[in-house]
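Read-outs throughout are calculated quantities, based only on the coordinates presented, and are distinct from any laboratory measurement. Please read these numbers as outputs of a predicted model, since none were measured by experiment. Positions of Cβ are backbone-derived with ideal geometry, glycine not excepted, and every protein chain shown enters the neighbour counts.
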Amino acid sequence: MAAPLSHSAEYPADVTLVEVINSLMTSNRHPYLPHDDIYDQHEDIQALYQLNRYQFVWLNEDDSNRQVEDVLALLASAEKNGLNAQNYDSDHLARKWLQIKTGQEESPQARALYDTALNIALLRYLSDLHYGQIKTQNVKLADDIILEPINLVRLIVEAAAEKKPSELVARVEPVMPVYRHLKQALSRYRQLAQMHDTPRFAFSRTLRPGDHDPQMEPLRRFLTTLGDMPQPEETDAETQSEATLYDAALVEGVKNFQSRHGLGSDGVIGKKTVAALNVPLADRIWQIELSMERFRWLPRLKEGSLIIVNIPAFQLWAYDSIAEETEPPLNMKVIVGKSINKQTPVFMANMYFLQFRPYWNVPQSIVREELLPKLRRNPSYLAGQNMELVNRFGPNATVLPVNDETMTLLSRGRAKIRQLPGRLNALGSVKFMFPNAYNVYLHDTPTPNLFKRTRRDFSHGCVRVEDPEALAEFVLKSKQGWDRQKIRNAMRRENPKHVSLEKPIPVIMFYTTAMATADQVLFFDDIYNLDNPLLQALSRPLQKKAPDTVTSQAE
């Protein structure tokens, strides 16, 4: 049983309110809330009313009607933020407020119960909006990532005092540009889903520019609705031949659609394009909602540069500013870990330095699974790969001969393999380092042809970048003297060179199947099959009382 609340004699407390709070703390239930279990809100409720001197937060002044209705509107707007307003009992609280406002329930106890119910719902909503609905550690944070503390209790009390509850959302939601764009995309796709049915396309063959098909007109209307092609100009009635023609304007619309959905934008309508066209808009909506949830798992960063690698997108975005988007982010293709057994992990760490002309220190797992069998068959294999056997990694390593004794040491992890800088080096000419528990980093590659593939999960977990020069220029932009030419020279010199950044840059290895920019909404295949488990977790029904059993008095 929770200890009764105490209060200082320095200020008068509302006795009824204190009694109601003590009763709620004892019962762990709130009779005004269908989601009535309030155990998780114990500490916050006690802290909130202590901070407010055990006075009503919202029902304490002549203008309490407006204040309460602003809070109710805030809870009801949870859908705009990709959350379910039913989880915060917004409809039920609105009906209960009508009873109180019209005098059907006007006792001091009823008002105290309502004030506490409103704050419990608000705490739940703001917590989900700031931390996410799934409260486990979903994104591993490096030790040097500092979380900015946020005091939801204080924010609520301040908002009530300032009479600005409507500003609470902006004070707790993620500030990254991509989140703002996703929020806009959610509104737009919901409107599209309400106004338009998703057509079903069933082409009997692969369609190429110049082909004819009776579904060209519905396809044209659908792509226009999505914004992948402009509204057609008013012209004379088309002939039957023109209406069924896969013409140049429609080809461009299909290419835009393909580009936004992670497909090869060749304008050819094949099976993958048809499958993407047939995904219901409702499914696109929950993809956006899942993406917004995942962004809430990240620390609330406010300023400086940011790099996001979106694994299923096979793309990297580098933002000059977290808080403001003064220009489009740097964007490039990447290659990520294999989906079956070498998945790139989800985590966040700070980038501190670049290494030009790096050695590749081969991970023990690759040595054991791939290189040792080849060495046993061919002891000269390392020389052909510009590799060497060493006693340890680092500048003072001793090169060892390849023989039975050293291969035994290698199998036991007491010897290492590294690849020298050069044309064959698996890291290419530069690697971008951000210390993390997975030993994952960004790097160049000697096999750029793989970037031509649409699906690019080929690595052992690290991430290969399409344009290392541009990325190096981005991270070194505040480093005096490091222009594109100097970077290019450093990538071609013989000796390794370590270059520290002026200020660490957060790097997020992220996983989401929906992204958004200022110009477009992007969707991708769920290559690691992580969407459905999250969707099921978010859809799990909460324990709640039936509405007709809700009472009006504390037990």
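Here are a few things to note about the model shown:
- Counting DSSP beta bridges with both ends in the chain, the antiparallel % (nearest 5): 80
- Under 5 Å, built H, 5+ apart or other chain: amide partners of Met332: Leu316
- In Å, descending, principal axis extents of the Cα set of the chain: 88, 74, 45
- Anisotropy class of region 193-235 from Cα gyration tensor, a/c 1.5 cut: oblate
- When each of Lys333/Lys503; Lys342/Lys374; Lys140/Lys302; Lys272/Lys333; Lys338/Lys503; Lys452/Lys477 is checked by Cα-Cα distance, pairs over 22 Å: Lys333/Lys503; Lys338/Lys503; Lys452/Lys477
- Helical content of the chain, expressed as a calculated mean residue ellipticity at 222 nm, amounts to -11000 deg cm²/dmol (DSSP H runs of 4 or more residues, -39,500 (n - 2.57) each, divided by residue number, nearest 500).
- Between Asn495 and Gln137, the C-beta separation translates, for a Förster distance of 41 Å, into a calculated FRET efficiency of about 0.50.
- Other-chain or far-sequence residues with amide H under 5 Å of Val430's (modelled H): Arg357, Asp444
- Rel. contact order, % - alpha carbon contacts under 8 angstrom, at least six apart, the chain: 18
- Extension reserve of the Gln55-Tyr381 stretch, reckoned as 0.36 nm per residue once the Cα distance is removed: 109.6 nm
- Given charges at Cβ of Lys, Arg, Asp, Glu: the chain dipole, positive-most of Gln343, Gly304, Phe523: Gln343
- Taking trypsin sites (Lys or Arg not before Pro) across region 386-425, the ones in a DSSP loop with at most 11 further Cβ atoms lying within 10 angstrom of their Cβ are Arg412, Arg414, Arg423.
- Under the convention that each Lys and Arg Cβ holds +1 and each Asp and Glu Cβ holds -1, the size of the dipole of region 304-365 around its Cα centre is about 540 debye.
- Based on Cα contacts under 8 Å between residues 6+ apart, region 15-173 shows a relative contact order of 30 percent.
- Residues listed by number, region 278-322, amide nitrogen under 20 Å from Lys452 label point at 7 Å toward C-beta: 314-315
- Estimated D of region 361-420 in µm² per second, where Rh is the Kirkwood radius over Cα pairs and Stokes-Einstein applies at 37 °C, 0.692 mPa s: 293
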